[in-house]
Amino acid sequence: RTRHNDEPGMHINSHGLPSYDLTRSLFTPEERKIVEKSMHIRMMEFYDILRDIPIEAHPYNSHAIYYVQLLGRLGLTLIHSYPEDSLKAMDLALRFFWTYLHPFAFEDGGWSEGPAYGSWGVERLARFTHILRKTTGLDMQKIHPFFAKCGYFQLYGWPGRSRLTSFGDDNGTSKASQVNMMRVCAALNQNPVFLKPGMDRNMPLDWTIWPALTDFSKVGEPDMSKLPLAYHFKSVGFAATRTDLQNYANDIGLIFQSNPVGAVSHHHNSHNCFLLEAYEEPLAISSGFYDYYGSPHHDGWTRQTKSRNGITVDGGQGQMRGGHATGKLSK
């Protein structure tokens, strides 16, 4: 059940929805009823949880925001079988995304949870945007400026073969997600510079349906020569300077953050901390490992100020957690 452990349900629906959409004609009517009944149960679980929160008043929950996206996709899939409940689901999802988009996404392309969770979050948002536009004609990309700049945060904060994990959670599986997310952003914006990290990482092909849907291979070759060598994402207090965006093996990167959003969700207690890398080697790093959320190691070290290059006081005491624990990069 979703309220007990939501990871299985999220992944089943994330991958199962496009798979079922493509293979639906191969099922018998009886088989379709079984599959769609299961989807309907999950859709209403998501709906009830989001109403109980309620998500409009308390949006700072990365899993709950994903429920909203899945709710919209489930509503589109089940509109003919469960029209009344599907319209309720679509109404919630569209009201939220059309007016608000995401609590961690900002107009300058910044993502307050850091690049790793940014890669997962942006990829999901971009997928839902693509599906919504193709099925209904509604285009969130025209409403929210975030989409035009959605790839720059990754491009400057975590480019090429960078091994830094920046200022937010990363369980080591985000590299492929970053590449896939950048490919989708490149296709959405017809902007080839977003393809550069994937070319540098030489990641294997994404065998899901998304490359075929977005067709990033036709975007073109990236030309990094016109990009600035420094970028300030004021929304999340994130500044990065690079020396060579074209050749990561010749690049030196200095990254600094003081986040006005606060230490919430998967962001760390890392205001006024910095990271340094040079010539594909991490030098001043963000240490620790994200084994699971709130574990003794995660809570006691990984997301603490002392695990990275920041000043602590009173015997190593760092920053508080929460929306009140904010910083600011004003220049």
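The values are calculated or read from the model by the stated rules, or taken from the named source; none is laboratory data. Note that this is a predicted model, so its numbers are computed, not measured. As a convention, Cβ positions derive from the backbone with ideal geometry for all residues, glycine included, and neighbour counts pool all protein chains shown. The area values use the complete protein model at the heavy-atom level, side chains included, leaving out ligands, DNA and RNA. Shrake-Rupley method; radii C 1.70, N 1.55, O 1.52, S 1.80 Å.
Just one of the listed residues (203, 181) is among the hydrophobic types (A, V, I, L, M, F, W, C) and more than 30 Å from residue 295 (Cα to Cα), and it is 203. Tell me yes or no: at least one residue of the stretch 286-305 is farther than 30 Å from residue 6 by Cα, buried (at least 16 other Cβ atoms within 10 Å of the Cβ) and small (Gly, Ala, Ser). There is no residue in the stretch 286-305 that is farther than 30 Å from residue 6 by Cα, buried (at least 16 other Cβ atoms within 10 Å of the Cβ) and small (Gly, Ala, Ser). Only residues that are loosely packed, with under 15 Cβ neighbours inside 10 Å and under 18 Å from residue 172 (Cβ atoms) were counted in the stretch 238-280, giving 1. From the list 299, 314, the one residue that fits, being modelled with pLDDT under 90, over 20 Å from the mean Cα position of the chain (by Cα), of a type outside the set (S, T, N, Q) and more than 18 Å from residue 118 (Cα to Cα), is 314. Taking the residues in the stretch 108-155 that are outside any helix (DSSP H, G or I) and open to solvent by 30 Å² or more (accessible area, probe 1.4 Å) as candidates, determine which candidate is nearest to residue 248 (Cα to Cα). By that ranking, first place goes to 108. Residue count for the stretch 272-288 satisfying the condition of being in contact with a helix residue (DSSP H, G or I) (Cβ under 8 Å, 6 or more places away or on another chain) and touching a residue at least 40 places away in the same chain (Cβ under 8 Å): 3.
Would you say residue 170 is under 27 Å from residue 263 (Cα atoms), open to solvent by 10 Å² or more (accessible area, probe 1.4 Å) and among the charged types (D, E, K, R)? Spelling it out, residue 170 is indeed under 27 Å from residue 263 (Cα atoms), open to solvent by 10 Å² or more (accessible area, probe 1.4 Å) and among the charged types (D, E, K, R). Against the condition surrounded by 15 or more Cβ atoms within 10 Å (Cβ to Cβ) and of a type in the set (S, T, N, Q), how does residue 217 come out, does it pass? Answer is no for this residue. Scanning the stretch 223-232 for residues that are more than 19 Å from residue 199 (Cβ to Cβ) and either open to solvent by less than 20 Å² (accessible area, probe 1.4 Å) or in a strand (DSSP E or B) (or both) returns 230, 231, 232. The set of residues in the stretch 75-94 being of a type in the set (A, V, I, L, M, F, W, C) and assigned to a loop (DSSP other than H, G, I, E, B) consists of 79 alone.
Mind counting the residues in the stretch 67-87 that are buried (at least 17 other Cβ atoms within 10 Å of the Cβ) and farther than 25 Å from residue 322 by Cβ? Total satisfying the criteria: 13. Residue 312 falls short on exactly one of the conditions (1) more than 21 Å from residue 242 (Cα to Cα); (2) touching a residue at least 24 places away in the same chain (Cβ under 8 Å); (3) β-branched (Val, Ile, Thr), and that condition is (2).
With respect to being among the polar types (S, T, N, Q) and part of a helix (DSSP H, G or I), residue 38 fits the description. Of all residue pairs spaced 6 or more apart or on separate chains, those with beta-carbon atoms under 9 Å, a first member in the stretch 108-127 that is farther than 19 Å from residue 231 by Cβ and a second member that is modelled with pLDDT under 85 and aliphatic (A, V, I, L, M) are 127/213.
Of the residues making up the stretch 1-35, those that are open to solvent by less than 90 Å² (accessible area, probe 1.4 Å) and either assigned to a helix (DSSP H, G or I) or closer than 16 Å to residue 76 by Cβ (or both) number 17. Could you check the stretch 309-325 and list, in sequence order, the residues that are touching a strand residue (DSSP E or B) at 6+ places or on another chain (Cβ under 9 Å), within 13 Å of residue 263 (Cβ to Cβ) and open to solvent by less than 70 Å² (accessible area, probe 1.4 Å)? 310, 319, 321, 322, 323, 325, listed by residue number.
Name the residue that is farthest from residue 294 (Cα to Cα), counting only residues in the stretch 237-277 that are aliphatic (A, V, I, L, M) and out of contact with any Leu (no Cβ under 9 Å at 6 or more places or on another chain). For the stretch 237-277, the residue satisfying everything is 249. Of the candidates 93, 105, 64, the single residue that is open to solvent by less than 50 Å² (accessible area, probe 1.4 Å) and without any contact (Cβ under 8 Å) to a residue 24 or more places away in the chain is 64.
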